[in-house]
1. Counting only residues that are touching a Pro at 6+ places or on another chain (Cβ under 9 Å) and either in contact (Cβ under 8 Å) with a residue 12 or more places away in the chain or of a type in the set (Val, Ile, Thr) (or both), how many does the stretch 966-991 have?
2. As an exercise: evaluate residue 1010 against (1) at pLDDT 90 or above; (2) under 30 Å from residue 595 (Cβ atoms); (3) of a type in the set (Ser, Thr, Tyr); (4) surrounded by 13 or more Cβ atoms within 10 Å (Cβ to Cβ) and give the number of the one condition it does not meet.
3. What helices (runs of 4 or more DSSP H) completely inside the stretch 948-1029 contain at least 2 residues that are out of contact with any helix residue (DSSP H, G or I) (no Cβ under 8 Å at 6 or more places or on another chain) and polar (S, T, N, Q)?
4. At least 2 residues that are under 23 Å from residue 306 (Cα atoms) and small (Gly, Ala, Ser) in each: list the strands (runs of 3 or more DSSP E) lying fully within the stretch 715-794 that qualify.
5. Across the stretch 462-504, what is the number of residues that are of a type in the set (Lys, Arg) and farther than 16 Å from residue 428 by Cβ?
6. Looking only at the stretch 315-331, which residues are outside any helix (DSSP H, G or I) and either under 24 Å from residue 212 (Cα atoms) or touching a Ser or Thr at 6+ places or on another chain (Cβ under 7 Å) (or both)?
7. Does any residue of the stretch 71-93 turn out to be at pLDDT 70 or above, among the aromatic types (Phe, Trp, Tyr) and outside any strand (DSSP E or B)?
8. For residues that are free of Cβ contacts under 8 Å to residues at least 60 places away in the same chain and in contact with a helix residue (DSSP H, G or I) (Cβ under 9 Å, 6 or more places away or on another chain), scanning just the stretch 436-457, find the one that is farthest from residue 484 (Cα to Cα).
Amino acid sequence: MSYFLKWRKHINSAWLCILEDTINLEHLTNAIKTSKYNPFTFLPLNLFEQFQRIANAYFLFLLVLQVIPQISSLSWFTTVVPLVLVLTVTALKDATDDIVSTLENISNPNFTHENKWYKTCFNGLFVILSTTSNLPCYLSLPQGEVLCEPPNNRLDRFTGTLTYAGQKYPLDNEKILLRGCTLRNTEWCFGLVLFGGPETKLMQNCGKTTFKRTSIDRLMNFLVICIFAFLAFMCIILAIGNYCWELNQGSQFIVFLPRQDDNAAGFSAFLTFWSYVIILNTVVPISLYVSVEIIRLGNSFYIEWDRKMYYARKDTPAEARTTTLNEELGQIKYIFSDKTGTLTQNIMIFNKCSINGKSYGTTEDHTETVDFSFNPLADPRFMFHDHALVEAVKLENPEVHAFFRLLALCHTVMAEEKKEEIFYQAQSPDEGALVTAARNFGFVFRSRTPDSVSIVEMGQQRSYELLAILDFNNVRKRMSVIVRSPEGKLSLYCKGADTIIYERLHQSCSKLMDEFAGDGLRTLALAYKDLDEEYFNQWKQRHHEASTEMDDRESKLDQLYEEIEKDLLLLGATAIEDKLQDGVPQTIEQLSKADIKIWVLTGDKQETAENIGYSCNLLREEMTDVFVVSGNSSDDVRQELRSEEVLFVIIQIMTEQLSFSHAGYETSLSKLLNSQPLHSFISPTLSQAHALERSTELEFLKTACMCKAVICCRVTPLQKAQVVELVKKYKQAVTLAIGDGANDVSMIKAAHIGVGISGQEGMQAVLSSDYSFAQFRFLERLLLVHGRWSYLRMCKFLRYFFYKNFTFTFVHFWYAFFCGFSAQTVYDEWFITLYNLMYTALPVLGMSLFDQDVNDVWSFQHPQLYVPGQLNLYFSKKAFFKCALHSGYSSMVLFFIPYAAMYDTVRDDGKDVADYQSFALLTQTCLLFAVSIQLGFEMSYWTAVNTFFVLGSLAMYFVVTFTMYSNGMFLTLPSAFPFIGTARNSLNQPNIWLTILLTSILCVLPVVTYRFLLIQLCPSINDKVMFKVRQAKAAPPPPTRRTRIRRTSSRRSGYAFSHAQGYGDLVTSGRFLRRPAVRSSGFTHVGRTTTGFSPMGRSAGYSPTGRPQTAKVPDVEVTSLQMYRTIKDPAL
């Protein structure tokens, strides 16, 4: 018999579940569905989605028109073949994506046994979870009652109570096991299924992901609508032409084209309109979207195959988790970055501390490390350079002993001993660093149980009774433990953010606080207090009552915590170093040169964020003004944003802008901020909340955008997303958010591009991102190389694609004036069918997949090459209009030159060659040569593949043409292949080839002339760099590196403290911990590797790359640009 949770709606929106038996579970299921399609719904659902795309619906409409004999002048296969191919390719891609997504879920190690038992887990089912089998054992228990909150998507909290055997037990988030959890420190545990199927936290969080579209996608949608309007305009003109022709010339053809009635002219014009809608349909390219998807897929593979973005230490390659946003990477204007784990390594190292007003670890001599041989349990990887602290420990200084005793007791670290080695499992890197420091200085944390903590103090084993854990969270920013020593002394030990601890100190500590502030210690503070036994017993009873409340439990517990955590005595402070990742300063500097603005959104305090800003080159000495907005209300923030200092800078910028037009505002503003003294903007947490209010958000954004660097401190995950949304709302710019933790997910999803770093904080950020890699420095290559190339290739593709299709279509328009507007086609029907599918498909794809203006080294050496993408210079409405004009000119050349050349022309043997079929063959051959030559001018980087595609397509055209125009094909199917012998009769005439040569020259001549004049008179940054590449005639020199300016202030440091929600309640639950055997032998810690600490202040000459500061950087060989000597460009 199984037991089932019967849910009943309870008062105050709580849910009551009562265990009842005799419930039939045969027809219940816990199965969930994450796939989009199934075998029955795939075809109709996918077709419905595809025909929502306006181009596909348009061609379906054309297919319907073509089955009407009075309208269609083309065979049905000219539309069916391309349409079916497009739908098939897209359907295969959608099916593959859905299958891959499903397989990824199934391949998840936590999903392995879903088919075996996940589908049979029901609410109220008691199970025993085991670490050995991964399968539950069903268990029957007496009746009980669980009162908890209804199903929701909150992963960070849970509120409920369990009533069993007359006792009430609190249920919170620490007692909930979500899917994917792994049992540690125990071999089995009891479990009760609370939510199943769609009510699980997993499915509650599986909302629809917002589909991100690029700016080019949005522009294409607008252009397609414009093309439709232009198509209708051309068809109306040709219909009017047909009406006029029928009235004036049509009567001469009544003998063999009899009219049906007296209104034949009007009806003929109506039919002609729809006929030309069919003939001119190629002005809307049906294969455009499929080609775009193929190009994006190929560029995504380049990112994943890039070995220079592969992190060998963790065997982590770069991953393009989406294939629809590649070109957007070449247009980024704003980057929003997390700090801890993104700019830094999230590997904390204990380097400094202050105990009883005396600082340790500040010695300048880093050559000799402290000898910890006196402690057999010390971690050999831990390094410290101040011998005075070890001497104080050996001399049994009471304050020093109390300091490290606190570090050994106040934490939620788990200790495991394997093969006589101690391994610490910490929920945050800084906790592991602090416990390891206490371990090396003689206070070794060995083991814990739900009610005790065992440590070794200077070689002596001691066990402290653990009475309560007041755990850490993002609001409290501190944690405390209440313990009883072996001598019976009752104490509270507390550690947390310095500002939080200082507010709760006893008045007698005020002088010591001032000394710490004078030393510039912006670190983790440690404090304690002795408790009265009677008071603690009363407090503990009230704590139990509050922990079992269903309503407002958290606020009641916070009040109790505030009550007991006051009048503390300060012990000291610790300084934890979170080193920068390799290459972060160089990456930020390169991105800044590319005119990309970087905003750091961090949960750390202002001083820590500011120090990291200087260390990573985000803040620099030449930034003369640092605006810090620290108001405590909306009015204070508004007043600070309107301060005289800020207004002075705004007036200075606006004065500079008076001579510029609105169109050039962003460009000139960027130049101004690059040429004038730079400014930075820092906004702490409370001010940030007020700055994001509706009344002040616009002023906050204006001020921030005028600064070169922006740092937002103490921001919550929601505020991070709000900042991104604010910039997206008011700035016409592409944004990118990068982070590594779960607190960055909202920001990553809000930005146009989300980048996840697979670091120390799990995979939440990666799973929510569009692109992922292991190190921040790879962002430089992602944007300046892959992003810029993808954008450049896509823009070239679109310009050329529209050019070749417009040119192809406009020839029909000109021909209409010479065929009586009868909807006669210029080309052979097979050429119309194969033009986009075979003759011009591979060359343009080759250019779009392999082309590059300069290689990656030159891209790094000249990051200014990235700026045109931000300004949409390669493809815009203006570029599209130029493309249309060029196509109009080319179509006139391609029609009128062959028309004039064929007019009253005879062959060498005197036979007539001026027939329709010969003219059609000549025109389509001229067209193919013209667009192929134009492609050659568009291409900057020729490869064997490109050459093969271009020449192979031309060869394929002649092979197919001679085959289809042969006698055999005509005899096989005369109606489908009427051009019998046209190819061999026409293409053997010299005047035909001279006409092809002339039209090709005339088509490309304006392009060559325009580009030559443009390069001579107004060269772009690309022109200049490509000229330098050609002049170099050798491998490009390595990029110059900016010499780090020494900082003159020693007040700033790179220390940070990061802490997450603790495991205090989990530790004290008492149902899953085991007591490891206590061994006295030495051990080796195999965790993180630490190195000597170098001061991060500018006075210490900090070098993030580890290179000597005085090393001379080799200069890059400068090639004079003589042909551009009169052009002034500060970018070069």
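The values are calculated or read from the model by the stated rules, or taken from the named source; none is laboratory data. These numbers were taken from a predicted model, which means no experiment stands behind them. No Cβ is skipped: glycine too gets one built from the backbone with ideal geometry, and neighbour counts run over all protein chains shown.
1. 1
2. Residue 1010 satisfies every listed condition except (4).
3. Of the helices (runs of 4 or more DSSP H) lying wholly inside the stretch 948-1029, those with at least 2 residues that are out of contact with any helix residue (DSSP H, G or I) (no Cβ under 8 Å at 6 or more places or on another chain) and polar (S, T, N, Q) span 967-972.
4. In the stretch 715-794, the matching strands (runs of 3 or more DSSP E) lie at 734-739, 753-757.
5. Here the count works out to 4.
6. 316, 317, 318, 319, 320, 321, 322, 323, 324, 325, 331
7. Within the stretch 71-93, none of the residues are at pLDDT 70 or above, among the aromatic types (Phe, Trp, Tyr) and outside any strand (DSSP E or B).
8. By that ranking, first place goes to 438.
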